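Asks: Structure in structure tokens, see below.
The values are calculated or read from the model by the stated rules, or taken from the named source; none is laboratory data. None of these values were measured; they are calculated from a predicted model. Cβ placement follows ideal geometry from the backbone for every residue including glycine, while neighbour counts extend to all protein chains displayed. We work out accessible area using only protein heavy atoms, side chains counted, and drop any ligands, DNA or RNA first. Shrake-Rupley method; radii C 1.70, N 1.55, O 1.52, S 1.80 Å.
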Amino acid sequence: MIANLLHESLTIRLMYEINQTNLKRKVTKDDELVKCLLDEKTFDMNKVVDLLSDLGIHANKSHVAIYMVSDYKDINTQDVVRLKMNPDSRDIIYSLLNERCLLIFKDIPENIKENEEIREYILKYIKKLKEMDFDDCYYFVGTLQHKMRQYVNSYKSCLWLKNHTKYEKNVPVFFMDYLTEYFFSKISVKDIENVYNYYIETGKKIDVEELEEISKALLMNDFNLTQAAEELFLHKNTLIYKLKKYEEVFQIDIRGSFQGKILLILISYMLREQNHKVQVGE
């Protein structure tokens, strides 16, 4: 009986050691896979497919990048191994980019199609991460991608969020919530400045932070003045008064012209970027 118990104990221990070794190997394979996925210049599809096969990951699943940044403590390899040991981690790709940054390509089931369903699914997964002591972290969620060659773009959208948005610990930030800001950011600030420099010089007394808040509220509420005013805790007439002031300074029709609305957002973006440069000493 004792011999049987010892044999069983040794077997369990041996299996545990084997599993740990395999998991560590899988983490290493994950790192290699992510390196290939992020290598745009020499992307090797055959190598990617081989690595997916080695890891037992389905090649035909859609994935979304989740970029997790620890605020105060390092993430070590054992932390990633723990993630890999979860039963629902079969088709998830993990790679520790450095001591504080973990890149995750989370698989999305085929039956989940709607944006809100996808968001809810990702939020549940991030909740599990936090329950596994991955708290005090910042979470950036990129674009959903189906082609492996495009996974790098999901990662890039996470980096854009980190560099261009306001965020707080343990509150996931989704790239899809910032599409307008993203596309506006692709327009050269210098080009806008070249056109509107004269008007900006004549309207130096404008409160840039207030302009940014108003522009954002208008954009998020489809330029509905009543809803935007409520969000800004302003009377509607006060908001109209401020818009009239912007119309006079920048010589654009904000309330009655689609072009004027777009230009207001662009000018707001430019002034914000200028302020940022001044603050960081550029």
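Asks: Spot the failing condition for VAL152; the list is (1) open to solvent by 60 Å² or more (accessible area, probe 1.4 Å); (2) more than 16 Å from GLN274 (Cβ to Cβ), and only one is missed.
Replies: (1)
Asks: Considering only residues that are among the polar types (S, T, N, Q) and assigned to a helix (DSSP H, G or I), which ones fall in segment 248-272?
Replies: GLN259, SER268
Asks: Does ILE252 count as open to solvent by less than 80 Å² (accessible area, probe 1.4 Å), at pLDDT 90 or above and farther than 25 Å from TYR178 by Cβ? Break it down stepwise before answering.
Replies: Details: open to solvent by less than 80 Å² (accessible area, probe 1.4 Å): yes; at pLDDT 90 or above: yes; farther than 25 Å from TYR178 by Cβ: no.
Considered against the rule, which asks whether it is open to solvent by less than 80 Å² (accessible area, probe 1.4 Å), at pLDDT 90 or above and farther than 25 Å from TYR178 by Cβ, ILE252 comes out as no.
Asks: In segment 68-95, what residues are open to solvent by less than 50 Å² (accessible area, probe 1.4 Å), over 17 Å from GLU131 (Cα atoms) and outside any loop (DSSP other than H, G, I, E, B)?
Replies: Within segment 68-95, ILE93, TYR94, SER95 meet the criteria.
Asks: With respect to LEU266, determine if the residue is aliphatic (A, V, I, L, M) and free of Cβ contacts under 8 Å to residues at least 60 places away in the same chain. Even if it seems obvious, please write down each step before you answer.
Replies: Values: aliphatic (A, V, I, L, M): yes; free of Cβ contacts under 8 Å to residues at least 60 places away in the same chain: no.
Spelling it out, it is not the case that LEU266 is aliphatic (A, V, I, L, M) and free of Cβ contacts under 8 Å to residues at least 60 places away in the same chain.
Asks: Checking the conditions here, which among LYS205, LYS236 is loosely packed, with under 15 Cβ neighbours inside 10 Å, without any contact (Cβ under 8 Å) to a residue 40 or more places away in the chain and touching a Ser or Thr at 6+ places or on another chain (Cβ under 6 Å)? Steps first, answer last, please.
Replies: Numbers: LYS205 fails: touching a Ser or Thr at 6+ places or on another chain (Cβ under 6 Å).
So the residue among LYS205, LYS236 that is loosely packed, with under 15 Cβ neighbours inside 10 Å, without any contact (Cβ under 8 Å) to a residue 40 or more places away in the chain and touching a Ser or Thr at 6+ places or on another chain (Cβ under 6 Å) is LYS236.
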